[in-house]
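Worksheet: the structure to be examined is printed underneath.
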Amino acid sequence: MLAKGTLYICATPIGNLGDITLRVLDTLREVDLIAAEDTRHSRKLLQHYQINTRMISYHEHNEKKKSLELVEKLKCGQTIALISDAGLPGISDPGTEVIRLCLIENIPVDVLPGPNAALTALVLSGMPTEHFAFHGFLPSSSGAKKRSLEQLANLTQTQIFYEAPHRLVATLQGMSEYFGDRPAAVVRELTKLHQQVHRGTVLELKEEFEKSEPRGECCIIIAPYIPIKPVGGPEEWRSEVNERVNQGLSKKEAMKEVAKRYGVRKSEVYQALLDGEM
């Protein structure tokens with residue numbers, strides 16, 4: 001039996017309609033209202049399971065306004081289920097705003113677990129699962145994307161990203177520039193009939209999808225960065241930076257290349273340059 005005035009965060013299938021829990025189905029039938037990211041999309045799920053609960057839209061463009069409305073309904077004792085198009089609301093999908101407001105207002109929130117694309121793709125990839133970092137979608141602007149990739153390049157955990165098919169090749173290209181040609185996997189069409197796991201190095205995957213245009217939302221799994229034991233020293237770093245600058249690279253790019261080659265931080269190479277000028 002549902003508790004009055006409670007917001008239920010419900011995980012829905014990421015592909016196969018059979019991947020939904022009995023508890024979620026019962027909840028969707030019993031709540032007073034379902035807030036759905038796309039009511040047209042969610043109607044297919046509800047019709048499949050013969051659920052007739054009233055729906056309203058709750059998506060990224062009306063999230064702030066609708067969150068206030070939902071909180072008022074919850075205060076009046078209504079029970080509400082929040083669903084996204086696929087997976088768990090709040091994970092790269094709308095949901096965090098209404099949850100935040102509910103916590104401020106001491107309104108009960110319950111999470112009904114279920115399918116999740118990131119964890120499913122991680123396990124399918126075969127990459128290490130002991131430690132991992134989930135990043136969702138990278139920024140859409142090229143400058144912000146480059147800054148993000150630069151910051152993430154040396155993480156020693158497996159990394160998980162979401163990406164749209166039309167941006168996949170460009171994203172893999174950017175990853176190859178900052179992560180190097182390390183092992184990776186691209187998982188597509190999760191739990192659907194044509195689910196595929198593509199494994200290889202970052203560059204191999206980029207070349208594969210240049211020849212065959214990807215379809216469906218993609219998960220990119222990147223192997224952890226393995227630090228290289230530092231070799232050489234400040235004198236060698238300075239020499240190689242100067243050599244690369246003479247070849248036409250900017251000092252910033254030259255320092256980045258040398259730091260990567262020797263397995264040291266760029267700040268250490270920069271300090272070596274400063275010491276050499278003293």
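Throughout, read-outs are computed from the coordinates displayed, never taken from laboratory work. No experiment lies behind these values; they were computed from the predicted model shown. Every residue, glycine as well, gets a Cβ built from its backbone with ideal geometry; the counts of neighbours run over all protein chains shown.
Assigning unit charges at the beta carbon (Lys, Arg +1; Asp, Glu -1) and nothing else, what dipole magnitude in debye, to the nearest 20, does region 1-140 show about its Cα centre?
Around 360 debye, computed over region 1-140.
Excluding the sites themselves, what is the longest stretch of the chain that contains no trypsin sites (Lys or Arg not before Pro) in a DSSP loop with at most 14 other C-beta atoms within 10 Å? Display every interim value, and only then the final one.
Details: sites that count: LYS4, ARG54, LYS192, ARG215, ARG265.
Of all site-free stretches, the longest is 55-191.
Would you mind telling me which residue in GLU60, GLU204, GLU243 has the biggest mean-square fluctuation in a Gaussian network model of the chain, where springs connect alpha carbons within a distance under 10 angstrom?
GLU243
Which one of PRO108, PRO224, PRO94 has the biggest mean-square fluctuation once the chain is modelled by GNM with Cα springs under 10 Å?
Highest fluctuation among the options: PRO108.
Helix-derived [θ] at 222 nm for the chain: sum -39500 (n - 2.57) over DSSP H runs of at least 4, divide by residue count, nearest 500? Show your work: numbers first, answer last.
Values: 11 runs with 120 residues, N = 278.
Estimated from H runs of four or more residues: -13000 deg cm²/dmol.
Decide, for region 234-277, between rounded, prolate and oblate: order the square roots of the alpha carbon gyration tensor eigenvalues as a ≥ b ≥ c, take rounded if a/c falls under 1.5, and otherwise choose prolate if a/b is larger than b/c, else oblate.
Verdict is oblate for region 234-277.
With a 10 Å cut-off between alpha carbons and a GNM built on the chain, which of LEU68, LEU124, LEU168 moves the most?
LEU68
Region 47-99 to region 180-228: how many Å between their Cα centroids?
32
Magnitude of the Cβ-charge dipole of the chain, K/R +1 and D/E -1, about the Cα centre, nearest 20 debye?
380
Treat every Asp and Glu Cβ in region 144-223 as -1 and every Lys and Arg Cβ as +1, leave all other atoms uncharged, and give the resulting dipole magnitude about the Cα centre to the nearest 20 debye.
180
With unit charges on the beta carbon (Lys/Arg positive, Asp/Glu negative), name the residue among GLY248, ILE221, PHE209 whose Cα is farthest towards the positive pole of the charge dipole of region 181-264.
ILE221
Which of TRP237, ILE91, VAL109 sits closest to the plus end of the dipole of the chain, meaning its Cα is farthest towards the positive end, when Lys and Arg get +1 and Asp and Glu get -1 on the C-beta?
Projecting each Cα onto the dipole axis, the largest value belongs to VAL109.
Using a simple spin-label model with points 7 Å from Cα along the Cα→Cβ vector, what separation in nm is obtained for HIS194 and ILE56?
Label-label distance for HIS194 and ILE56, simple model: 3.8 nm.
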